[in-house]
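Q: Pasting a structure here, questions to come.
The values are calculated or read from the model by the stated rules, or taken from the named source; none is laboratory data. Note that the coordinates shown come from a computational prediction; the quantities given were computed from them, not determined experimentally. Neighbour counts are summed over all protein chains in view; Cβ atoms, including those assigned to glycine, are modelled from backbone coordinates with ideal geometry.
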Amino acid sequence: MNGAQALIRTLVACGVDTCFMNPGTSEMHFVAALDQVPEMRGVLALFEGVATGAADGYARMADRPASVLLHLGPGLGNGLANLHNARKGKVPVVNIVGDHATYHKQYDAQLESDIETVARNVSTWIRRSQRTEEVGADAADAVAAAIGPPGQVATLILPADVSWLDGGVVAEPKPPQTRSPVASEAVDTIAATLRSGEPAAILLGGTALREAGLVAASRAANATGAKLLCETFPTRLERGAGLPPIDRLAYLAEFAQAQLDGLRHLVLVDVKPPVSFFAYPGKPSYLVPDGCEVHVLATDTDDAPSALAALAEAVGAPTDAATIQPASRPGRPSGSLTGDSVSQALGALLPEGAIISDEGNTSGLWAPMHTAGAPRHDWLCLTGGAIGQGMPVATGAAIACPDRKVISLQADGSALYTIQALWTQARESLDVVTIVFNNRSYAVLNMELNRVGAEPPGPKAQDMLDLGRPDMDFVRISEGLGVPATRATTAEEFATQLERALAEPGPALIEAMVPTL
């Protein structure tokens, strides 16, 4: 058994049975070993950023890591942005990066680079396999590190000769680490704070945003009068009819400050204190109000849902005290096609159990509002702010959950970073409907240009934020990558096209021609 075969067999034994890849020469023995280990599913991506983003989306929905296979340092560099998003979202990813043979590195060949330095930007666990007989054990350690808690990107560097030499040994899975229980004294202290009557809010993130955590948090908030909020861009938020609704903290710092204004206490549950996404002249970076005391109920290594359940009991919340979102849908829209009317159609037609990968940016602002009472669904957000996540995350989510419809809300500008994901969706016959909001502009940057206090934009500045000249044709691009596509220019057209796409299996794309905000 060579090193590559031992590596893949160990991954499968550890529950990692899907690998998203864009391999090169150094990884060919890994690729060849796929035929020896049929339990491992290999998924080809045309660009490394699609592979890394798909691994992120898969892990979010499967609740276990996927692996990703990249070609040397440049391949890792191409996949770095979506590994950054995975790191910020605390998503478990086993990141395998091929390298030159150990004896070849001394010659500084064209693709030689310092892989560890590149990987350190997104990985807190990095290891280079030095010997073939150690590859299996290294892989088992990588899976355990990726799972955490918290979830993280674990990078395993695989030299080519370590991969091809015989002597590989399959390693046993490492015992999983459990999340720490929160001490009852800490729960009681925060319960007393919430019962004090002083203005308070509970801010949720991470593992607290599944059903159990939401129900317990809603009970505690309703029993004490505390405000209930969640982080701006959750990794995975369960929502819809039958679940407690929760307001996300606003992206714009001014709006977030308004949500937090007047608080004397802020309780954090698997989330950091809120800060502004960027620095703005004359505006604060740290958004916790002056005079507000921050309390940590659970960290990212703690059992947040259990801590929230204990908090609900400690404040005397009845078991039925949670607010439950009633079932409701907007009507089918008519008239002009806008971000709002696209979102209305989505709310009117969203199927039960859908998964939404949200990189709609400015045009998708209305989608959470119009889908709040739709059938239960999962919402996956742009966790690290590095654009080009939406389509790859949708791809991975569809592979993790083949029985659920995936809807990708995609801004036009960020779509072009990783639009090759459509080819993988076609190749794998994935059930993904992509909605591209085409306003032919980097609209969010037009907004930011004004907010940062820059000089009033002239024609050269405005030209750098314009996506026309020439206009992009997403229908033809999509069809060229193997995904059938349509274009909608009115609300009625869009609703009809969305209804048809949701009813048919396989990938589809709708180009929604919307105005710039």
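Q: Looking at I324, is it of a type in the set (A, V, I, L, M), within 24 Å of the chain's Cα centre (by Cα) and not in a helix (DSSP H, G or I)?
A: Answer is no for this residue.
For (1) more than 27 Å from A400 (Cα to Cα); (2) among the basic types (K, R), each residue gets a yes or a no:
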{"position": "T323", "(1), (2)": "yes, no"}
{"position": "P326", "(1), (2)": "yes, no"}
{"position": "R329", "(1), (2)": "yes, yes"}
{"position": "G335", "(1), (2)": "yes, no"}
{"position": "L350", "(1), (2)": "no, no"}
{"position": "I356", "(1), (2)": "no, no"}
{"position": "T371", "(1), (2)": "no, no"}
{"position": "A374", "(1), (2)": "no, no"}
{"position": "L380", "(1), (2)": "no, no"}
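Q: When you go through (1) in contact with a strand residue (DSSP E or B) (Cβ under 8 Å, 6 or more places away or on another chain); (2) at pLDDT 95 or above; (3) more than 30 Å from G331 (Cβ to Cβ) one by one for S429, which number turns out not to apply?
A: Answer for S429: the failing condition is (1).
Q: Taking the stated definitions as given, is P273 of a type outside the set (S, T, N, Q), surrounded by 14 or more Cβ atoms within 10 Å (Cβ to Cβ) and in the same structural domain as A208 (by TED's automatic domain parsing)?
A: Details: of a type outside the set (S, T, N, Q): yes; surrounded by 14 or more Cβ atoms within 10 Å (Cβ to Cβ): no; in the same structural domain as A208 (by TED's automatic domain parsing): yes.
Here the answer is no, as P273 does not meet what is asked.
Q: Any idea how many residues of segment 53-71 are aliphatic (A, V, I, L, M) and surrounded by fewer than 24 Cβ atoms within 10 Å (Cβ to Cβ)? Steps first, answer last, please.
A: Initial filter on segment 53-71 (aliphatic (A, V, I, L, M)): 54-55, 59, 61-62, 66, 68-70.
Retained after the next criterion (residues that are surrounded by fewer than 24 Cβ atoms within 10 Å (Cβ to Cβ)): 61-62.
Within segment 53-71, residues that are aliphatic (A, V, I, L, M) and surrounded by fewer than 24 Cβ atoms within 10 Å (Cβ to Cβ) number 2.
Q: If I ask for residues that are surrounded by fewer than 24 Cβ atoms within 10 Å (Cβ to Cβ) and not in a loop (DSSP other than H, G, I, E, B), which ones from segment 362-391 would you list?
A: Once the filter is applied, which keeps residues that are surrounded by fewer than 24 Cβ atoms within 10 Å (Cβ to Cβ) and not in a loop (DSSP other than H, G, I, E, B), segment 362-391 yields T362, G364, P368, M369, H370, H377, D378, W379.
Q: Looking at segment 235-243, can you tell me whether even one residue there is over 28 Å from V182 (Cα atoms), in contact (Cβ under 8 Å) with a residue 40 or more places away in the chain and either among the aromatic types (F, W, Y) or in contact with a helix residue (DSSP H, G or I) (Cβ under 8 Å, 6 or more places away or on another chain) (or both)?
A: No, the conditions are met nowhere in segment 235-243.
Q: Give V50, V37, V94 a once-over and let me know the one that is crowded, with 24+ Cβ neighbours inside 10 Å, of a type in the set (V, I, T), closer than 30 Å to M1 by Cα and assigned by TED's automatic domain parsing to the domain that holds D17. Working first, answer last.
A: Numbers: V50 fails: closer than 30 Å to M1 by Cα; V37 fails: crowded, with 24+ Cβ neighbours inside 10 Å.
Result: V94 is the single residue among V50, V37, V94 that is crowded, with 24+ Cβ neighbours inside 10 Å, of a type in the set (V, I, T), closer than 30 Å to M1 by Cα and assigned by TED's automatic domain parsing to the domain that holds D17.
Q: Need pairs with beta-carbon distance below 7 Å; first residue touching a residue at least 40 places away in the same chain (Cβ under 8 Å) and within 13 Å of G89 (Cα to Cα) and within segment 140-155, second among the basic types (K, R) and not in a loop (DSSP other than H, G, I, E, B); sequence gap 6+ or separate chains.
A: Here the result reads Q152/R87; V153/R87, each pair linking segment 140-155 to a residue that is among the basic types (K, R) and not in a loop (DSSP other than H, G, I, E, B).
Q: How many residues, within segment 484-517, are surrounded by 23 or more Cβ atoms within 10 Å (Cβ to Cβ) and either in a loop (DSSP other than H, G, I, E, B) or of a type in the set (D, E, K, R) (or both)?
A: 3
Q: Could you please find all residues in segment 145-182 being surrounded by fewer than 18 Cβ atoms within 10 Å (Cβ to Cβ) and more than 25 Å from H71 (Cβ to Cβ)?
A: Listed by number, the residues that qualify are V169, E172, P173, K174, P175, P176, Q177, T178, S180, P181.
Q: Quick one: is A394 surrounded by fewer than 23 Cβ atoms within 10 Å (Cβ to Cβ) and either among the aliphatic types (A, V, I, L, M) or assigned by TED's automatic domain parsing to the domain that holds Y58 (or both)? So that I can check it myself, show each step before the final result.
A: Working: surrounded by fewer than 23 Cβ atoms within 10 Å (Cβ to Cβ): no; either among the aliphatic types (A, V, I, L, M) or assigned by TED's automatic domain parsing to the domain that holds Y58 (or both): yes.
Judged against the criteria, A394 is not a match.
Q: Check off (1) surrounded by fewer than 17 Cβ atoms within 10 Å (Cβ to Cβ); (2) on the phi < 0 side of the Ramachandran plot for L214 and give me the number that stays unchecked.
A: (1)
Q: Tell me whether segment 72-94 contains one or more residues that are touching a residue at least 60 places away in the same chain (Cβ under 8 Å), assigned to a strand (DSSP E or B) and under 20 Å from I387 (Cα atoms).
A: Among the residues of segment 72-94, at least one is touching a residue at least 60 places away in the same chain (Cβ under 8 Å), assigned to a strand (DSSP E or B) and under 20 Å from I387 (Cα atoms), which makes the answer yes.
Q: Checking the condition touching a strand residue (DSSP E or B) at 6+ places or on another chain (Cβ under 8 Å), surrounded by 23 or more Cβ atoms within 10 Å (Cβ to Cβ) and under 30 Å from A386 (Cα atoms), which residue from A208, A226, A221, A200 passes?
A: Selected residue: A208, the only one of A208, A226, A221, A200 that is touching a strand residue (DSSP E or B) at 6+ places or on another chain (Cβ under 8 Å), surrounded by 23 or more Cβ atoms within 10 Å (Cβ to Cβ) and under 30 Å from A386 (Cα atoms).
Q: Is it the case that segment 15-25 has a residue that's among the hydrophobic types (A, V, I, L, M, F, W, C) and more than 26 Å from T383 (Cα to Cα)?
A: From segment 15-25, those among the hydrophobic types (A, V, I, L, M, F, W, C) are 16, 19-21; that's our starting set.
This time we only want the ones that are more than 26 Å from T383 (Cα to Cα), so: none.
For segment 15-25, residues among the hydrophobic types (A, V, I, L, M, F, W, C) and more than 26 Å from T383 (Cα to Cα): absent.
Let's see how each residue does on (1) in a strand (DSSP E or B); (2) at pLDDT below 95; (3) crowded, with 18+ Cβ neighbours inside 10 Å; (4) polar (S, T, N, Q):
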| position | (1), (2), (3), (4) |
| --- | --- |
| V267 | yes, no, yes, no |
| F278 | no, yes, no, no |
| L297 | yes, no, yes, no |
| L311 | no, no, yes, no |
| A317 | no, no, yes, no |
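Q: Out of curiosity, is G42 over 23 Å from Q420 (Cα atoms), over 18 Å from the mean Cα position of the chain (by Cα) and not hydrophobic (A, V, I, L, M, F, W, C)?
A: Values: over 23 Å from Q420 (Cα atoms): no; over 18 Å from the mean Cα position of the chain (by Cα): yes; not hydrophobic (A, V, I, L, M, F, W, C): yes.
So G42 fails the test.
Q: Could you please find all residues in segment 13-34 being charged (D, E, K, R) and either surrounded by fewer than 20 Cβ atoms within 10 Å (Cβ to Cβ) or free of Cβ contacts under 8 Å to residues at least 40 places away in the same chain (or both)? Walk me through it before giving the result.
A: Start the filter on segment 13-34 by keeping residues that are charged (D, E, K, R), which leaves 17, 27.
Answer for segment 13-34, where residues must be charged (D, E, K, R) and either surrounded by fewer than 20 Cβ atoms within 10 Å (Cβ to Cβ) or free of Cβ contacts under 8 Å to residues at least 40 places away in the same chain (or both): just D17.
Q: Being basic (K, R), surrounded by fewer than 22 Cβ atoms within 10 Å (Cβ to Cβ) and under 25 Å from the mean Cα position of the chain (by Cα) is the requirement here; does R239 meet it? Please lay out each step first, then the result.
A: On the way: basic (K, R): yes; surrounded by fewer than 22 Cβ atoms within 10 Å (Cβ to Cβ): no; under 25 Å from the mean Cα position of the chain (by Cα): yes.
No: the conditions fail for R239.
Q: Pairs under 7 Å by beta carbon, first residue surrounded by 10 or more Cβ atoms within 10 Å (Cβ to Cβ) in segment 104-120, partner in a loop (DSSP other than H, G, I, E, B), six or more apart or different chains?
A: Close Cβ pairs (under 7 Å, with a partner that is in a loop (DSSP other than H, G, I, E, B)) amount to K105/E112; A109/H100; E112/H100.
Q: Here's a follow-up. Just the residues that are over 24 Å from G347 (Cβ atoms) and under 25 Å from the mean Cα position of the chain (by Cα), please, taken from segment 454-477.
A: Across segment 454-477, the qualifying residue is only I477.
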